[in-house]
1. Could you identify the single residue in 275, 229 that is farther than 29 Å from residue 358 by Cβ and either modelled with pLDDT under 80 or buried (at least 16 other Cβ atoms within 10 Å of the Cβ) (or both)?
2. Enumerate the pairs (first residue in the stretch 280-305 and outside the structural domain of residue 331 (by TED's automatic domain parsing); second residue anywhere and assigned to a helix (DSSP H, G or I) and surrounded by 22 or more Cβ atoms within 10 Å (Cβ to Cβ)) with beta-carbon separation below 6 Å, excluding pairs fewer than 6 apart on the same chain, so at least 6 apart or on different chains.
3. Can you name the condition, by its number, that residue 312 falls short on among (1) within 20 Å of residue 260 (Cα to Cα); (2) at pLDDT 90 or above?
4. Can you give me the number of residues within the stretch 330-353 that are farther than 21 Å from residue 408 by Cβ and modelled with pLDDT of 85 or more?
5. Within the stretch 58-67, is even one residue out of contact with any helix residue (DSSP H, G or I) (no Cβ under 7 Å at 6 or more places or on another chain) and in the same structural domain as residue 160 (by TED's automatic domain parsing)?
6. May I ask you to verify whether residue 349 is surrounded by 18 or more Cβ atoms within 10 Å (Cβ to Cβ), assigned by TED's automatic domain parsing to the domain that holds residue 250, touching a helix residue (DSSP H, G or I) at 6+ places or on another chain (Cβ under 8 Å) and within 20 Å of residue 306 (Cα to Cα)?
7. I need a count of the residues in the stretch 109-118 that are in a helix (DSSP H, G or I) and surrounded by fewer than 18 Cβ atoms within 10 Å (Cβ to Cβ).
8. It is to be established whether one or more residues within the stretch 304-314 are more than 19 Å from the chain's Cα centre (by Cα), outside any helix (DSSP H, G or I) and buried (at least 16 other Cβ atoms within 10 Å of the Cβ).
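The values are calculated or read from the model by the stated rules, or taken from the named source; none is laboratory data. No experiment lies behind these values; they were computed from the predicted model shown. Here the Cβ positions follow ideal geometry from the backbone for every residue, glycine too, while neighbour counts run over all protein chains shown.
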């Protein structure tokens, strides 16, 4: 009876954490959406294009931050605190910012951007990447309510200054300067939120040289957790692996949109862009599941992996069914009445995103368990998708979409085989 009550309470806490993280994600996406909407009304076309380009570059430059978060979260979940995350976070942020500074003259000339924008990009990138350290600590410790607050603080820091600058009618450089300042000011708040509790378990002392294996979801000892010895230190290799996996996930999920731009006429490319809204919706809708389950994946919790996969598949099936029933409504909301002729392909767009959601969870599982070359199948699939779309598929929306769906299917099956195949001991 007590055990059942405890499990019910744990489910309630996990549900509350999931709701909080979902709300934080919605706030982040809303603030990111407000910036281009305000920019279109407050800036000239040339200034809007410059600001949008720098923000896109910032999203790419932030990839090491996501890698840092995943690596820190997996390390803390499996090995506990410490591990040199602070020094590694500073080094990762500094190197990323230095690379942005070195690329500033090239970006200024190649993309016809003001030098001030490209230099501010380096400073804003430093803040964004460094924040991954504290987000990873909160995620790895499964302090999800604080993680949700930290995500909201980070979003306010990244976009708050930009929004204020646009409301005041400032130019792109002034807006990004304000955004950089608010982003840097958010860092002490993130550090405060990630401060561990002051109470220490009675069995944990500084002189301990062994670590107890964490328990799995069923209450038994985790077979993947360490049973003895000093916890491994977090290194640059783990961050690079996680960052490379993040880059691979972004590449494969946006490859079809880029190919459509290259292979289709302007009208077809625009129509594909509208349909890709459904793909991205099905892809990102269940990502909170992956975020919550990552610490348990790092501990080798097979039950948590199966539950997470079932939830993501269920969410994907619901979205695909909804797009099949309300395809016209989906395209009307995404692009307007001009794109209703694509309503029949709505389930295919949604299915592509749903499969990539499965892929993302499985890739995170491979990263969390320190598998070798966790993102290799994604890079192979991206190359295969490009070759098939360029040489085989008809130059139509359906042709490119069919290649994208096939690539997502093959990648999902391959990743599932790698994750669930029997291991030899």
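1. Only one candidate passes the filter, namely 229.
2. Nothing qualifies.
3. That leaves (1) as the condition not met.
4. Applying the first criterion (farther than 21 Å from residue 408 by Cβ) to the stretch 330-353 yields 332-333, 335-341.
Remaining after also requiring modelled with pLDDT of 85 or more: none.
Qualifying residue count, the stretch 330-353: 0.
5. Looking only at the stretch 58-67, we keep the residues that are out of contact with any helix residue (DSSP H, G or I) (no Cβ under 7 Å at 6 or more places or on another chain), and these are 59-60.
Pick out the ones that are also in the same structural domain as residue 160 (by TED's automatic domain parsing) and you get 59-60.
Scanning the stretch 58-67, I find at least one residue that is out of contact with any helix residue (DSSP H, G or I) (no Cβ under 7 Å at 6 or more places or on another chain) and in the same structural domain as residue 160 (by TED's automatic domain parsing), so the answer is yes.
6. Values: surrounded by 18 or more Cβ atoms within 10 Å (Cβ to Cβ): yes; assigned by TED's automatic domain parsing to the domain that holds residue 250: yes; touching a helix residue (DSSP H, G or I) at 6+ places or on another chain (Cβ under 8 Å): yes; within 20 Å of residue 306 (Cα to Cα): no.
It is false that residue 349 is surrounded by 18 or more Cβ atoms within 10 Å (Cβ to Cβ), assigned by TED's automatic domain parsing to the domain that holds residue 250, touching a helix residue (DSSP H, G or I) at 6+ places or on another chain (Cβ under 8 Å) and within 20 Å of residue 306 (Cα to Cα).
7. Here is the first cut: in the stretch 109-118, the residues in a helix (DSSP H, G or I) are 109-110, 115-118.
If we keep only those that are surrounded by fewer than 18 Cβ atoms within 10 Å (Cβ to Cβ) as well, we get 109-110, 115-116.
Residues meeting the conditions: 4.
8. Going residue by residue through the stretch 304-314, those that are more than 19 Å from the chain's Cα centre (by Cα) are 304, 306-307, 310, 314.
Of the ones still in play, those that are also outside any helix (DSSP H, G or I) are none.
The answer is no; no qualifying residue exists.
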